[in-house]
1. Mind checking which residues of region 78-94 are assigned to a loop (DSSP other than H, G, I, E, B) and either free of Cβ contacts under 8 Å to residues at least 12 places away in the same chain or surrounded by 13 or more Cβ atoms within 10 Å (Cβ to Cβ) (or both)?
2. Just give me the residues in region 135-165 being more than 25 Å from Trp121 (Cβ to Cβ) and surrounded by 13 or more Cβ atoms within 10 Å (Cβ to Cβ), in sequence order.
3. If a residue has to be loosely packed, with under 13 Cβ neighbours inside 10 Å and either touching a residue at least 24 places away in the same chain (Cβ under 8 Å) or of a type in the set (D, E, K, R) (or both) to count, how many in region 95-112 make the cut?
4. For region 166-192, name all the residues that are buried (at least 16 other Cβ atoms within 10 Å of the Cβ), over 16 Å from the mean Cα position of the chain (by Cα) and part of a loop (DSSP other than H, G, I, E, B).
5. Scan region 96-103 and give yes if some residue there is out of contact with any strand residue (DSSP E or B) (no Cβ under 8 Å at 6 or more places or on another chain) and either in a strand (DSSP E or B) or closer than 23 Å to Ala188 by Cβ (or both), otherwise no.
Amino acid sequence: MANFFKKIFSGLFKNKKDIKLGFYGPPNAGKTSLANRICKDFTGEEIGSVSKIPHETRNVQFKEKVEISYKGKSMIFKMIDTPGIATRIDYEDFLKYKVNKKDAKIRAKEATQGIIESIKWLDDMDVVVIVLDATENPYNQVNITIIGNLVARKIPVLIVANKSDLRKANIKKIEEAFPEYRVVGMSAKYGKNFEEFYEEIFSLSKKLK
C-alpha cells in the first residue's frame, strides 16, 4: 500500500516539473527574438537583448515559470536561450560591425566560452527548438553539429525556419535538409505562425509526461 501511494505522489510531482525548453542554432538566426516574443506575451518581460552584431548572446540566459496557454491548455516551461553555435570565432569578424579591437577580442573569447556552455546545457534539456535563418543554406557544419549532439542525447526537437517573411526565405530547403524533424516556418520579428509553433511544442512536451 505504501508503494502504491508513493507511485501516485511521485507521478503527481513529476507532472508538475517545469519543462526545460532550449533554443539553439547558429548566430543571428533569431533565437533570442523568438524567446523574447514568447516571454513577453506570457510574462510581460523579455529574456535578453538582440543586435545585428553576431554573438550578442554570449551566456546561457533563462526565465523560470513561463506558463504558456494555448487552445485552453497550459504548460509551464523554463525557457533557456543559448549563445549561437559556431565552428569558428575570429575577433576580426566583429571589426566589420565597428567594434573596437579590444572589445572584439573580449567578445570572441566570451562567445567561444558561450558555445561550450551551450553544449553542456544540452544534457539538461527536455525539448529543443533549433532556430535557423530560412534565407541561409541549411547544409552546413554548424547545423550538422547541433543535430548530431541532439540525436546522441535523444532529445525531442522542433526546427523553426525563422525569417519566413523575407523574400529569400526557403522553408522547403530546410525541410529537405532535416526530413526526420518537423519544420515550422515563422517570423519571430512579426509574430507570424506562432499557432503552429505552440501546437508542435505542446505535442512534443506531452510525450514527456
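Here, each number is a calculation from the coordinates, and none is a lab measurement. Everything quoted here is computed from the prediction, not taken from an experiment. Positions of Cβ are generated from backbone atoms using ideal geometry, with glycine treated the same way; all protein chains shown enter the neighbour counts.
1. Listed by number, the residues that qualify are Thr82, Pro83, Gly84, Ile85, Ala86, Arg88, Ile89, Tyr91.
2. Hits for region 135-165 are Thr135, Ser164, Asp165.
3. 6
4. Within region 166-192, Ala169, Asn170, Phe178 qualify.
5. Looking through region 96-103, at least one residue is out of contact with any strand residue (DSSP E or B) (no Cβ under 8 Å at 6 or more places or on another chain) and either in a strand (DSSP E or B) or closer than 23 Å to Ala188 by Cβ (or both).
Yes or no, residue by residue, for (1) among the acidic types (Asp, Glu); (2) in a helix (DSSP H, G or I):
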{"site": "Arg37", "(1), (2)": "no, yes"}
{"site": "Glu45", "(1), (2)": "yes, no"}
{"site": "Gly48", "(1), (2)": "no, no"}
{"site": "Ile76", "(1), (2)": "no, no"}
{"site": "Arg107", "(1), (2)": "no, yes"}
{"site": "Glu110", "(1), (2)": "yes, yes"}
{"site": "Gln113", "(1), (2)": "no, yes"}
{"site": "Ile116", "(1), (2)": "no, yes"}
{"site": "Trp121", "(1), (2)": "no, yes"}
